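Notes for the one structure printed next.
The values are calculated or read from the model by the stated rules, or taken from the named source; none is laboratory data. All values reported here derive from a predicted model rather than from experimental measurement. Glycine gets a Cβ as well: all are built from the backbone with ideal geometry, and neighbour counts include every protein chain shown. Accessible surface areas use protein heavy atoms only, side chains included; no ligands, DNA or RNA. Shrake-Rupley method; radii C 1.70, N 1.55, O 1.52, S 1.80 Å.
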Amino acid sequence: VAVKTTMKQDETINNGSLITQFMEKARMTIQNLHPGEEITFIKIRSQIYEIMIAPDKEFTMIVIQDPSNTK
């Protein structure tokens, strides 16, 4: 459930779902490579978007922004 968003509801749900799936795969990969380690932050940057993911036990903060608008 999104707490705050500037996207349309269907975009928010779709992006949240895809990023949640990505995080689960990333967690499993890290556990296989480095048992006992946890992901604390992931930053993905492309020409279109910059995605920052900060997972916690009770929630995950996801920020999706246009990197050309950041200074």
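Exposed loop sites, defined as GluC sites (Glu not before Pro) outside DSSP H, G, I, E and B with at most 16 other Cβ atoms within 10 Å, are absent from the longest region of the chain, namely 1-36. Annotated for the chain: lysine pairs at least 8 residues apart or interchain, Cα distance under 24 Å, count 8. In the distance distribution for the chain, Cα-Cα pairs more than 15 Å apart total 59 percent. Considering only alpha-carbon pairs that sit under 8 angstrom and 6 or more positions apart, the relative contact order computed for the chain is 17 percent.
For the chain, the solvent-accessible area works out to 87 Å² per residue, with a probe of 1.4 Å and every protein chain left in place.
Expressed as a whole percent, the accessible surface of the chain that belongs to carbon and sulfur atoms is 54, based on a 1.4 Å probe.
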